[in-house]
Structure formats: C-alpha cells, structure tokens
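Scroll down for the structure; my scribbles are underneath it.
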Amino acid sequence: AQKVTQAQTEISVVEKEDVTLDCVYETRDTTYYLFWYKQPPSGELVFLIRRNSFDEQNEISGRYSWNFQKSTSSFNFTITASQVVDSAVYFCALGSGGSNYKLTFGKGTLLTVNP
Amino acid sequence: NAGVTQTPKFQVLKTGQSMTLQCAQDMNHEYMSWYRQDPGMGLRLIHYSVGAGITDQGEVPNGYNVSRSTTEDFPLRLLSAAPSQTSVYFCASSYQGLSSYEQYFGPGTRLTVT
C-alpha cells in the first residue's frame, strides 16, 4: 500500500524566513513518481515539481528547492526567503507504479507567511 | 486550450438525490481521474480511467460511478447522495510519456449534501 505522510499540519513563519516542508513516503514499487502541489486560498491545485524514483538529484527553481533521499524515503521542499504569496496548503503526492494519474496524497501542510 | 473544465462549480443536494459531476479536457489526454478533498484529509482517488471504455476504482469508490465513452469526457455519478459525500471534487487529466510531468487539475466542484 502507498502512503504519504506530511507530519507538519500547520507552519507559520515571518516573511523572509526559510521554511522546509517535510514529506515521507512508503511504497513497495521500485518505479514511482513524487510530486508537490500548491493549493492557494483560491482553491486550485498548482503543480510544482515531479521527481522520478531513479533521479535523486536535488532541484532548485528560484526560491524553491527539493531534497529527495531514497535512503530515508523523504522528499522535502524548502522555500527560501518566504513571501506572503507563498501562503497556501502544500501537498506531497506519490504516483504508484510510475503513474502520474493514480496519486496518493499526503494530508497537506498549511503554510502561513506573515508580513 | 481550456484545459480541464468541471461543472457545476457549486451544488447542493438533498440526501438520496442523484447527480452527475461533469469533467472535460481538450488536451487529448489518455488518463483521467477523480479525487475528493475533505478537510484535513488531502485528496483521495475515487475512480480513474486509462482510456475510453476503461475505468477502475481508486481508494474511495463506494457511492460513485464513472464511465468514459470519449477521450474528452469523464463524468462522475452520485447514485444516491449522502451527507458523507459532502466534499470538494477535483477532476484531473494527464498523458503518459517521457515529457509528461503532471496531472492537470480542474477548478473543482464544491458539493454539499444536506
């Protein structure tokens, strides 16, 4: 069975602070995808990144970075110099068997960035 | 491209009523999925389809039916609505390929069952 755990239910930071959102996953598949989605207060789901199980390279995109470690089954997401517009619920998700259409989501982390 | 569209945006049903949530995509994606989002629960997969005429159950299929007669459309039917089906429903589509990175999500349908 697939499982995604986002242990942090809510995080509150002050603007310009760095913040890391944790994601731990469980799967027996050797091929899988990991995703991060952002859900702002408006409610839509915004794709941030996909990482496949064979690629453990960390990735940086502007103020966002992701750290994938198979040894600890973690795929953590860091926002550097947070901004108020980063306030949202962030979901980590796992695509079983290498699929991108049967996703198992974590329960999400509500990030509030205060001015 | 309109992407993934869902109708209606809001719906209120009485217990026992039936209805269909519509989902359409214009990206010629093979794969489509339905999720429900409940407070504190993340998104959970209801049903999915890997192509026209092919559907399968996800994690929480009870009380819902789907069919896929065309590539573009993937309606979700509530047979006899129950208060436990009060939720936000998201439809998503994707294609499988080396350059495919994401599921594209619709804007959601907020359903309340009284």
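Using the Karplus equation 6.51 cos²θ - 1.76 cosθ + 1.60 (θ = phi - 60°), what ³J(HN,Hα) coupling, rounded to whole Hz, does each residue of the stretch A:49-59 give in order, writing x for Gly and Pro?
7, 10, 10, 9, 5, 8, 10, 9, 5, 6, 10
Calculate, in nm to one decimal, what B:ASN28 and B:SER80 gain on full extension: separation in residues at 0.36 nm each, minus their alpha carbon distance.
Contour length minus the Cα-Cα distance gives 15.6 nm.
Of the options B:MET32, A:LEU111, B:LEU21, report the single residue whose Cα projects farthest towards the positive end of the charge dipole of the protein assembly as shown (beta-carbon charges: Lys, Arg +1; Asp, Glu -1).
Sorting the options by dipole projection puts first B:LEU21.
Setting aside same-chain residues fewer than 8 positions from A:LYS107, which lysines have a Cα under 18 Å from its Cα?
Partners within reach: A:LYS3, A:LYS38.
On the first, second and third principal axes, largest extent first, how far apart are the outermost C-alpha atoms of the stretch B:1-88 in Å?
Extents along the principal axes, in whole Å: 35, 25, 24.
About the Cα centre of the stretch B:28-114, how large is the charge dipole given +1 on each Lys and Arg Cβ and -1 on each Asp and Glu Cβ? Please answer in debye to the nearest 20.
With Lys and Arg at +1 and Asp and Glu at -1, about 260 debye.
Quantify how strongly other chains surround peptide A:95-102 by giving the mean number of their Cβ atoms within 10 Å of each of its Cβ atoms.
Taking all residues of A:95-102 together, the mean is 6.
I'd like the Karplus ³J(HN,Hα) series for the stretch A:26-43: coefficients 6.51, -1.76, 1.60, θ = phi - 60°, whole numbers in Hz, and an x wherever there's a Gly or Pro.
10, 7, 9, 6, 8, 10, 7, 10, 10, 10, 10, 10, 10, 10, x, x, 6, x
Could you tell me the largest-minus-smallest coordinate of the C-alpha atoms of chain A on each of the three principal axes, in descending order and whole angstroms?
Principal extents (largest minus smallest coordinate, Cα): 43, 27, 21 Å.
How long are the semi-axes of the equivalent ellipsoid of the stretch A:48-115, defined as square roots of 5 times the Cα gyration tensor eigenvalues? Whole Å, largest first.
The three semi-axes for the stretch A:48-115 are 23, 15, 10 Å.
How high is the FRET efficiency from B:SER69 to A:ASN52, r the C-beta distance, R0 25 Å, rounded to 0.05?
Rounded to the nearest 0.05, the efficiency is 0.20.
Ordered by packing density, taken as the mean number of other Cβ atoms within 10 Å over each peptide's residues, highest first, how do A:51-60, A:105-114, A:82-91 rank?
A:105-114, A:82-91, A:51-60
With +1 assigned to the C-beta of every Lys and Arg and -1 to the C-beta of every Asp and Glu, and no other charges, what is the dipole magnitude of the stretch A:49-104 about the Cα centre in debye, to the nearest 20?
So the dipole magnitude of the stretch A:49-104 works out to roughly 140 debye.
Coordinate-derived values only; no laboratory data. Model, not experiment: these values are computed from the prediction. Counting neighbours? That spans all protein chains shown, and the Cβs are built from the backbone with ideal geometry, glycine included.
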